[in-house]
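Reading through the structure tokens given below for one structure.
What follows is calculated from the coordinates using simple rules that are stated; it is not laboratory data. Because the structure is a prediction, the values reported are computed rather than measured. Positions of Cβ are generated from backbone atoms using ideal geometry, with glycine treated the same way; all protein chains shown enter the neighbour counts.
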Amino acid sequence: MAQRIRWSKLLQPLLSLWLCKFFATHAFVNIHDDPSTAPSQDQHEQDFFPPLIDSDDISYFFSTYDLDGLHWALTNIFQRSSRHPTTTTKRKPLPDILVARGGGEAYTSEYKLRHDLEQARYLVQVLTEEHDATLVEYLKSHVIPIYEQVLTRIPPLSELGPTKGLYAFTRDDYDAGIATVYNKALYFTSADELHPGWREESVGLLNSRLDWEAVQRKWFGEKNTEKKVDSSSSMAMSSDGVIVIDNLLNQQALDIIRKLLLRNTHWYQTKTPLQFGKYVGAYIDDGLHDPIFLELAKALHQTLPRIMKGHDLRYMWAYKYDSEWSSGINLHADQAAVNVNIWLSLGANLDEKSGGLVVFTAKPPESWDFESYNTNTDMVVEELLRPTNFANITVPHRPNRAVIFDSTLFHQTDKYTFKQGYENGRINLTFLFGKMSKGTENDVAHSEEL
């Protein structure tokens, strides 16, 4: 798979230059566009692209900062998936891995479909103001009525125990048209459309007032870290490889990224709510690939060269949490070296002491495999966390705050209480850099409460 994508990059100049340029700058053909205007392609070009990109492919492009190539690969694969039923090119079925992690098209959850309905209503409001009458009419007359109708047929959670809260679509749902709208690329905008000059402007994406060398010295526990930073920015650090940075993004970047995450219909993942809680997910290999996200990964990588040395971007996701719930992602560790977790909700947190992240100081030992320590919570608690007296660093939620930490440390979302309303949901954007380096059997880290 990885080799195939790399060959596709080498053969890219042999494809139509116009086609390459089109896919490098457009996420998809909007659902209200005339399908006949979509570019025609030979079947061998369709078959040339694999169904999914993997972390090695992402790292391959990122290692030379070939973001155009990475975006080209991501958009070509995504464009050919069944997320786009209205274009003329034959669609590829969703890979099993996307279905298995909750991004399938034959099932949903009450909170996921309610999120999609709220997003559709939000888009009607936004696009009415922007005079996009065609798409507004499509959402109002087709998408929203279908979501509303199917929602009335979803039983309460208490009746969905065998499926852990998931709901399989019925014949009535399909007759209503759910297959034409659910987990489809109904609407995508881009940073280039929202702010055409963002690439050329000198302000960049990160807060220029931050002392980034001080951040790196703190990461490595070095002395002489007292250099003064601007009062609008703040940093905190534990001795265990956890850095907290406030006001990470400049205002322009924050505005653009929030608009993309609120508007684009790439939130395809639902969790089993009775097992994992209520949050929807978007992923780099399934629609979350606007160039501004890739440029942000590059900016972080270049700005923190000592922390990121040898650690290329390997994955990226975003999560949106249901404000009617109070718990997010369960205890886990990630397969990466450096985790950058950015919080993008503005003024919605109702408890300033919570809503963020709990990072425990224990790492999985070398002998544990990824599946065992991310599925057997009891084993992690009894064999790793309890012996350390559950030592942790708890970081409260703040808007535009980033937490950078050793991704192998066990961590979980803190309890949260956020305002109701679509724009107020808790949103985080996560970048994973490098490969995991697990601890030893006797690795018990010292912790310092933040």
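For TYR167, the residues whose modelled amide H falls within less than 5 Å of its own, excluding neighbours fewer than 5 places apart on the same chain, are THR108, SER109.
Of the peptides 48-58, 355-365, the order by per-residue mean of other Cβ atoms within 10 Å, starting with the highest, comes out as 355-365, 48-58. The GluC sites (Glu not before Pro) found in segment 128-168 that occupy coil by DSSP, while having at most 12 further C-beta atoms within 10 Å, are GLU130.
With coordinates expressed along the principal axes, the C-alpha atoms belonging to segment 68-173 extend over 47, 37, 24 Å, beginning with the largest.
Here the gap between VAL381 and ASP96, fully extended at 0.36 nm per residue and compared with their Cα-Cα distance, gives a gain of 99.5 nm. Using r as the Cβ-Cβ distance of GLU352 and GLU137, and R0 as 51 Å, what FRET efficiency do you calculate, to the nearest 0.05? The pair GLU352/GLU137 has a calculated efficiency of 0.75. Can you give the Rg to Rh ratio of segment 343-413, both from alpha-carbon atoms, with Rh computed by the Kirkwood formula? Result for segment 343-413 is an Rg/Rh of 1.04.
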